[in-house]
1. Return the total of residues in the range 30-83 being over 20 Å from Phe363 (Cα atoms), in contact with a Gly (Cβ under 7 Å, 6 or more places away or on another chain) and assigned to a helix (DSSP H, G or I).
2. Which of the residues spanning the range 153-170 are part of a loop (DSSP other than H, G, I, E, B) and either within 14 Å of the ligand (Cβ to nearest atom) or surrounded by fewer than 14 Cβ atoms within 10 Å (Cβ to Cβ) (or both)?
3. For Phe91, indicate whether it is crowded, with 18+ Cβ neighbours inside 10 Å, under 21 Å from Val204 (Cα atoms) and outside the structural domain of Thr285 (by TED's automatic domain parsing).
4. Hey, Asp231 hits all of (1) open to solvent by less than 10 Å² (accessible area, probe 1.4 Å); (2) on the phi < 0 side of the Ramachandran plot; (3) out of contact with any His (no Cβ under 6 Å at 6 or more places or on another chain) but one; which does it fall short on?
5. Can you spot a residue in the range 220-235 that is small (Gly, Ala, Ser) and closer than 30 Å to Ile120 by Cβ?
6. Counting only residues that are open to solvent by 80 Å² or more (accessible area, probe 1.4 Å) and β-branched (Val, Ile, Thr), give me the helices (runs of 4 or more DSSP H) lying completely in the range 293-372 with at least 1 of them.
7. Residues of the range 38-74 being closer than 23 Å to Leu213 by Cβ and of a type in the set (Lys, Arg), which ones?
8. Could you check how many residues of the range 37-67 are more than 14 Å from the chain's Cα centre (by Cα), under 22 Å from Val176 (Cα atoms) and not aliphatic (A, V, I, L, M)?
Amino acid sequence: MSEKDYDVIIVGGGPAGLFAGIVCARNNLQTLVLEKQIYPIDKACGEGIMPSGVVHLRELGVSPFIEKHPYHYFKGIRYISDKGRTAEANFSEGSGWGIQRIKLSSAMFEAACDQSNLEIQTGVSVTVSLDKNPEVRFDNKILQPKLLIGADGLHSRIRKIAKLEGNYPKLKRWGVRKHFRIEPWSVFVEIYWGCGLEAYVTPVSDSSVNVSLLWDAKRYKPKQSGEKLFDSLLCEFPDLYERLRSVEVLDDSRAAGPLYQKTRGIVAEKTLLIGDAAGFFDPITGEGISLAAKQALYLEKHVVPVLQKNPEKLGKSLTEYSIACRNIYRPYQLMTSLVLVLRLWPKLTDRVIQILHIFPALFQKLLSVNMR
Ligand SMILES: Cc1cc2nc3c(=O)[nH]c(=O)nc-3n(C[C@H](O)[C@H](O)[C@H](O)COP(=O)(O)OP(=O)(O)OC[C@H]3O[C@@H](n4cnc5c(N)ncnc54)[C@H](O)[C@@H]3O)c2cc1C
């Protein structure tokens, strides 16, 4: 049995879990993060942090740690249709950052270790029950925190145990990524639109790019699987394939999906969800990390003060957290839905890219709406 009482226990130490850990610990809450993997942790991701996310990372105090690692800025988004038409717009909010996931994980781990009230245990297998109070068991310890946070990603077990899972979505999109050693040829995140699939390229250092491929399982059947999957998808974008054909590949591909995960809610008694565990729609608009960072700031604003002074009033603060998160999720969901609907008609996509090419200010405005 452990002697130690934690105010907050967080299951999952990805970006969302560490953001949450940092905001709790910097407000003097005794916080424990339990992560099943060992740092640094890699994951399929497009690795672009939108300008709004960059601002949130500053507010969370993690930017100085990220800046010690290789990263690359990007100043906007460029769309490329299957007919080769392009449209691009700069962000009006500043630059985004591209950073390899494994580097982001190292940076976040360093930032978290800098917090004296934050403990991180890695390689752990936890059992959680939420009968009356949250109870967390691992390594012969039984802990009962004042608040349990589920930050265990897309296929969250905490979400399931808290009975917060939504109905099963019909949309089934998947993603896979690889890194290539090549000087970024663009200061934009480039999105190539194919038929039932997309490729996007993010500059992640002065000498490497991330290439992520997303596809809709209903509209596109990959011709290969396993290690051949990535190349078979990349072949669907002949210009991009040609550019990368003889370039050194830096790692094995990593895939994730199905990406759309619905929730009925993101809070239960003494429990809240954050990051992908709180529901995820689609990465096509590159918002996952920014949303998780903003949720952590809402956690700090609405829930942390109550935990410090008045834990018996936690219920109301959890509701406030939930409402605030819903309000930032909506514009992102709206814009992402628009983009995904557009994908159903490739000719229309081409036409829209043509219009955005003529009206870059409109494109810029749409990017801003997506970032709220
Ligand atoms: C193909 C793809 C491209 C993407 N592109 C972008 C992009 O360009 N920009 C962007 O902002 N977002 C992007 N995203 C989304 C982004 O990757 C996620 O939103 C982000 O990783 C969410 O962080 P998280 O901490 O919630 O989840 P995760 O990063 O998945 O972290 C969850 C952590 O919980 C741990 N865990 C799970 N179960 C347990 C358990 N039982 N016990 C202990 N630990 C556990 C896992 O090991 C993991 O470390 C993309 C996603 C995909 C799939």
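1. Total meeting the criteria: 1.
2. Within the range 153-170, Gly153, Leu154, His155, Ser156, Ala162, Lys163, Gly166, Asn167, Tyr168, Pro169, Lys170 qualify.
3. The answer is yes for Phe91.
4. Unmet condition: (1).
5. no
6. Helices (runs of 4 or more DSSP H) meeting the threshold: 346-358.
7. Lys43
8. Number satisfying all stated conditions: 3.
The values are calculated or read from the model by the stated rules, or taken from the named source; none is laboratory data. As the structure is a prediction and not an experimental result, all values here were calculated from the model. As a convention, Cβ positions derive from the backbone with ideal geometry for all residues, glycine included, and neighbour counts pool all protein chains shown. Note: accessible area is taken over every heavy atom of the protein model, side chains too, but ligands, DNA and RNA are not part of it. Shrake-Rupley method; radii C 1.70, N 1.55, O 1.52, S 1.80 Å.
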